[in-house]
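The values are calculated or read from the model by the stated rules, or taken from the named source; none is laboratory data. Here the structure is a predicted model, which is why all the values come from computation and not from measurement. Every residue, glycine as well, gets a Cβ built from its backbone with ideal geometry; the counts of neighbours run over all protein chains shown.
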Amino acid sequence: MELQITSLDGKNVGSVTLKDEVFGLEPREDILHRMVRYQQLKAMSGTHDVKHRSEGVRTGKKFVKQKGSGGARHGDRKAPQFRGGGRAFGPTPRSHAIDLPKKVRALALKHALSAKAKAGELIILDSVVSKAPKTAALRTTFGKLEWLSALIIDGAELDVNFALAARNIPDVDVLPVQGINVADILRRRKLVLTKAALDALEARFA
C-alpha cells in the first residue's frame with residue numbers, strides 16, 4: 001500500500017510504501033474488542049469498598065435471648081438485615097485486570113492500524129513541529145486539514161511547542177510512538193503518523 005506524505009501545510013512532500021503485514025490485514029472486530037476490553041478493565045481503579053459484618057462498629061453482644069422471645073434467633077446488631085449492620089456480599093478492593101497474551105495484543109495493534117488504513121483514515125506526516133505553543137494557530141491548521149477528531153503519533157520525543165499547543169484542542173490527542181494503543185486509535189476519527197513514528201512501528205513489528 002502506498003500513501004502520500006503530507007506536511008502541516010497540506011502539501012505533498014513524497015510518498016511511502018506501507019508494509020502489508022502491519023497495515024494490510026483484514027480487521028477482525030473480535031480481536032479489537034478483546035484488546036479494548038483488556039485496556040478498559042486494566043484502567044479501572046477497583047477501589048470500591050463497603051463495610052462487611054466483621055467491620056461494623058456496633059456491639060457484638062447478643063441482644064435477644066436464643067429462645068422464648070417469640071421472634072427470630074439473632075446474634076448481634078451487625079447482621080446485614082439490621083439498620084446500621086454490615087453489607088452482605090458487597091464489593092471489596094480488587095483488580096479488574098484480565099490476562100491477554102502478548103502476541104494477541106501485538107496483533108490487535110496491527111488490526112487497528114489496518115482498519116484505519118482500509119477506511120482511508122490514515123495520514124502520514126513528515127513531522128510535527130511548531131515554532132511557538134500557540135493553540136489558536138494550530139486549531140486553524142487542523143480546521144483547514146479537517147482534523148476534527150485525530151490521534152497524532154510522533155516519534156520517541158514529542159516537540160514541546162506542538163504538544164503544548166495541541167493539548168487544549170478538543171478531540172485531538174498527541175502521543176509518542178511508545179504510547180500508541182488500540183483504544184485511542186479507535187476513539188478518534190483520523191490516525192496521523194509522522195515519518196518517525198511509522199519507521200518506529202515497522203521496526204517494532206519487523
Are there any pairs, at least 6 apart or on different chains, whose C-beta atoms fall under 7 Å, with the first in segment 178-206 and farther than 14 Å from Thr6 by Cβ and the second hydroxyl-bearing (Ser, Thr, Tyr), and if so, which? Arg188/Ser149; Arg189/Ser149
Neighbours by Cβ (under 6 Å, 6+ apart or cross-chain): first from segment 77-90, under 8 Å from His52 (Cα atoms) and loosely packed, with under 12 Cβ neighbours inside 10 Å; second among the small types (Gly, Ala, Ser) and modelled with pLDDT under 90: none
Kindly indicate the residue of segment 1-42 that is small (Gly, Ala, Ser) and closer than 24 Å to Leu145 by Cβ and also nearest to the chain's Cα centre (by Cα) among those meeting that condition. Ser7
Against the condition farther than 23 Å from Glu202 by Cβ and in contact (Cβ under 8 Å) with a residue 24 or more places away in the chain, how does Leu175 come out, does it pass? no
Residue under question is Gly60, and the condition is that it be assigned to a loop (DSSP other than H, G, I, E, B) and either touching a Lys or Arg at 6+ places or on another chain (Cβ under 6 Å) or in the same structural domain as Val182 (by TED's automatic domain parsing) (or both); does it hold? no
Any chance Ile169 is in the same structural domain as Thr6 (by TED's automatic domain parsing), buried (at least 17 other Cβ atoms within 10 Å of the Cβ) and in a loop (DSSP other than H, G, I, E, B): yes
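Table: residues versus (1) of a type in the set (A, V, I, L, M); (2) over 30 Å from Leu186 (Cα atoms).
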position: Thr6; (1), (2): no, no
position: Ile31; (1), (2): yes, no
position: Gln39; (1), (2): no, no
position: Arg73; (1), (2): no, yes
position: Asp76; (1), (2): no, yes
Restricting to segment 142-185, give me the number of residues that are under 16 Å from Ile123 (Cβ atoms) and under 17 Å from the mean Cα position of the chain (by Cα). 14
If I go through segment 96-128 residue by residue, how many of them are assigned to a loop (DSSP other than H, G, I, E, B), in contact (Cβ under 8 Å) with a residue 60 or more places away in the chain and surrounded by 12 or more Cβ atoms within 10 Å (Cβ to Cβ)? 5
